[in-house]
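What follows is a single structure, written as structure tokens, with notes after it.
The values are calculated or read from the model by the stated rules, or taken from the named source; none is laboratory data. Every value quoted in this text rests on a predicted model; they were computed, and no experiment measured them. So basically every Cβ, Gly included, is an ideal-geometry build from the backbone, and we count neighbours across all protein chains shown. Surface accessibility is based on the protein's heavy atoms, side chains included, excluding ligands, DNA and RNA. Shrake-Rupley method; radii C 1.70, N 1.55, O 1.52, S 1.80 Å.
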Amino acid sequence: MERRTAARTAVVWDAVHGLLNGGRTAEQSVLDIGGGTGGLAVRIAAQGHRVTVIDPSPDALAALARRADEEGVADRVTGLQGDLGNLSDLAPEGGVDLVLCHGVLGLVDDPAGALSTITSVLRPGGALSLLVSQRHAAVLARAMAGHFIQASEILAGEQERGEHRFTAEELAQLLGAAGFTATTTHGIRVFADLVPSSLLDLEPGASAALLELERAVADRPEYLTLASQLHVIATR
Ligand SMILES: C[S@@+](CC[C@H](N)C(=O)[O-])C[C@H]1O[C@@H](n2cnc3c(N)ncnc32)[C@H](O)[C@@H]1O
């Protein structure tokens, strides 16, 4: 895996992997809504779980099928064309143990409605893994690049390229209204997007040290507002 990608994904993977391994059954049923080309779905299937990926993009689903084939997990991965709007019709009958909703909630017009739809496909005791972009990190990044007007717009909660970025408070409120309780909240990519790739490529040991630093600050509330993304594991 590319060095920067590893630092960006490690904390999310640690949480999802821990949740699945601590599960009630060895083989769990996972639904990845907006799972795209299946980077996470295939990794989860390789651990022995069943994953249904629902995504509106046929190209992403074709890439998912190729990837699942290459990794020898095609029998445990199902790709279906659809979106949050018809999730209830496409989800496996009887519900799932875990729903992944990564990078999708900020794309829909009605995030509250989307969360309430997700509750309808979770088995009792099931969990939601939610990953969203975090507003304040985007304000900082735009300001540092000299894009002060864009920074002000994002600060005011205006959407950029169709994506809504959440604050931790806003997310907690949305989850609470849908009946979810957050069991963990992690800040993702606190430093990884700010570090020049040349440093990671050339400095021996830098990538591993960055990854450890990301892990060390992920559950520190004082770093949440600097994180590019928020990752929440929530149950009902
Ligand atoms: C930013 S990508 C995230 C992909 C993957 N979940 C990840 O974290 O790498 C957003 C994905 O959501 C899909 N998507 C867009 N609108 C959606 C919707 N309304 N419902 C479900 N998925 C949607 C896109 O096709 C794309 O694959």
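Write down the percent of antiparallel bridges among all DSSP beta bridges whose residues are both part of the range 91-228, to the nearest 5. Can you show the working numbers first?
On the way: 1 of 8 bridges.
DSSP beta bridges in the range 91-228 are roughly 10 percent antiparallel.
Can you give me the Cα centroid spacing of the range 204-236 and the range 113-160 in angstrom?
That distance is 16 Å.
Expressed as an acute angle from 0 to 90° and rounded to the nearest 10, what is the orientation of the C-alpha long axis of helix 135-144 relative to the principal long axis of the chain?
So the helix axis and the longest Cα principal axis differ by about 40 degrees.
Taking loop as defined by DSSP and a crowding limit of 11 other beta carbons within 10 Å, which trypsin sites (Lys or Arg not before Pro) in the range 72-169 fit? List each step's numbers first, then the result.
Details: sites: ARG76, ARG135, ARG142, ARG161, ARG165; in loops: ARG161, ARG165.
Those that pass, being in a loop and sparsely packed, are ARG161.
On a 0 to 90 degree scale, rounded to 10, what angle separates helix 3-21 from the longest Cα axis of the chain?
Once rounded, one gets 40 degrees.
Is the shape of the range 143-224 rounded, prolate or oblate, going by the alpha carbon gyration tensor and its root eigenvalues a ≥ b ≥ c, with a/c under 1.5 for rounded and a/b larger than b/c for prolate?
oblate
Roughly how big is the chain's charge dipole about its Cα centre, with Cβ charges of +1 (Lys, Arg) and -1 (Asp, Glu), in debye to the nearest 20?
Charge dipole of the chain: 380 debye, to the nearest 20.
Name the residues whose placed amide hydrogens come within less than 5 Å of the amide hydrogen of THR167, ignoring near sequence neighbours (fewer than 5 apart) on the same chain.
Distant-sequence amide H within range of THR167: ARG135.
Taking the solvent-accessible surface of protein heavy atoms with a 1.4 Å probe, what is the per residue accessible area of the range 1-89 in Å²?
Heavy-atom SASA per residue in the range 1-89 reads 48 Å².
Using DSSP to define loop residues, name the GluC sites (Glu not before Pro) in the range 95-194 whose beta-carbon has at most 16 other beta-carbon atoms within 10 Å.
GLU158
Shape of the range 119-174 from its Cα gyration tensor (a ≥ b ≥ c, root eigenvalues): rounded if a/c is under 1.5, otherwise prolate when a/b > b/c, or oblate?
Here the range 119-174 falls in the prolate category.
On the accessible surface of the chain, probed at 1.4 Å, how many percent belong to carbon and sulfur atoms?
52 percent
With a ≥ b ≥ c taken as the square roots of the eigenvalues of the C-alpha gyration tensor of the range 54-205, please select rounded if a/c is under 1.5 and otherwise prolate if a/b is larger than b/c or oblate if it is not?
Taking the square roots of the gyration eigenvalues as a ≥ b ≥ c, the range 54-205 is oblate.
Report, for the chain, the % of DSSP beta bridges that are antiparallel, rounded to 5.
Looking only at bridges with both residues in the chain, the antiparallel portion is about 40 percent.
Using only Cα atoms, tell me the angle between helix 111-121 and the longest principal axis of the chain; keep it within 0 to 90° and round to the nearest 10.
Here the helix axis deviates by roughly 30 degrees.
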